[in-house]
Amino acid sequence: MKAYTAAVIWISLAIVVAHALAPPAYLWTEHTISHLAAQGYERAWIMRLGFISFGALVLIATIARVRRSPRAAWPHALVGLYALAVLISGIFSTSPFSPGVAYSHREASIHSVMATLAGIALSAAMLSSALVEQTSRRRRIHLSALVLTMLLSSAFGISASAPGIIQRGLYLVGFAWLVFLEMPTGDQSSHATEPSA
């Protein structure tokens, strides 16, 4: 199994388990996946482990890809930045989803910055992958993922209704794109995203 795909499966399992064990106060339409790793939440370790493991797996795989073929796989450096930001966001948690729970505003701020950096890095990786892509079909997929990411990010920042649903849409697009990066093409040698981890 490819490394990015394994990482996506791992974090998806963490998300499912964390959702299954979430208390009634956690509303998936209103709260984000990051809230499953919130400060002051006793089961936050599940999602924190998911974020940290996912980030580490993708980062290690990315370093291996770029080291093997720096000129061809350079867009993966941006995937690595995304992975590092996700990893750090698992160490520094967001604010609690339950009112009245004491928490560190500084830690929540670091988490927010890392989440934003992850989104920017992933979008940049999609764009750079499209720019170096050799086949028009795959280029269209990269650009479609980028457009969806930008639209959902805009909706997440503007809309106050159902932020949990919008954020899950972002996760879905990002995870699907990571898995797509590891799908074989007709010409493995000419494609920037094809060296296996």
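Mean residue ellipticity, 222 nm, helices only, the chain: the sum of -39500 (n - 2.57) across DSSP H runs of n ≥ 4, divided by residue count and rounded to 500, is -23000 deg cm²/dmol. Remark: 123, 109 ranked as 109, 123, counting other beta-carbon atoms within 10 Å and listing the fewest first.
Charge dipole (Cα centre; +1 on Lys/Arg Cβ, -1 on Asp/Glu Cβ; no other charges) of the chain amounts to roughly 400 debye. Given R0 = 25 Å, the distance between the Cβ atoms of residue 19 and residue 143 translates into a calculated FRET efficiency of 0.20. Over the stretch 51-137, calculate the relative contact order: mean separation of alpha carbon pairs under 8 Å at least 6 apart, over the residue count, as a percent. Reported as a whole number, the value is 31 percent.
Exposure proxy check: 135, 94, 5 ranked by fewest other beta carbons within 10 Å? Don't skip to the end; give the middle numbers.
Details: 135 13, 94 26, 5 18.
Fewest-to-most Cβ neighbours within 10 Å comes out as 135, 5, 94.
When 1, 150 are arranged by Cβ crowding within 10 Å, least crowded first, meaning fewest neighbours, the order is 1, 150. Note: relative contact order over the stretch 1-115, using C-alpha pairs below 8 Å and six or more positions apart, is 29 percent.
How far is helix 44-68 tilted off the main Cα axis of the chain, in degrees rounded to 10, range 0 to 90? Its long axis makes an angle of about 20 degrees.
With the simple spin-label model, which puts each label point 7 Å out from Cα in the Cβ direction, the residue 29 to residue 104 separation comes to 3.5 nm. Between 0 and 90 degrees, rounded to the nearest ten: what's the tilt of helix 105-132 against the longest Cα principal axis of the chain? Once rounded, one gets 20 degrees.
Every read-out reported here was derived from the displayed coordinates using simple, explicitly stated rules and does not represent laboratory data. Predicted, not measured: the structure shown is a model, and the values here were computed from it. Here Cβ is always computed from backbone atoms with ideal geometry, including for glycine, and neighbour counts include all displayed protein chains.
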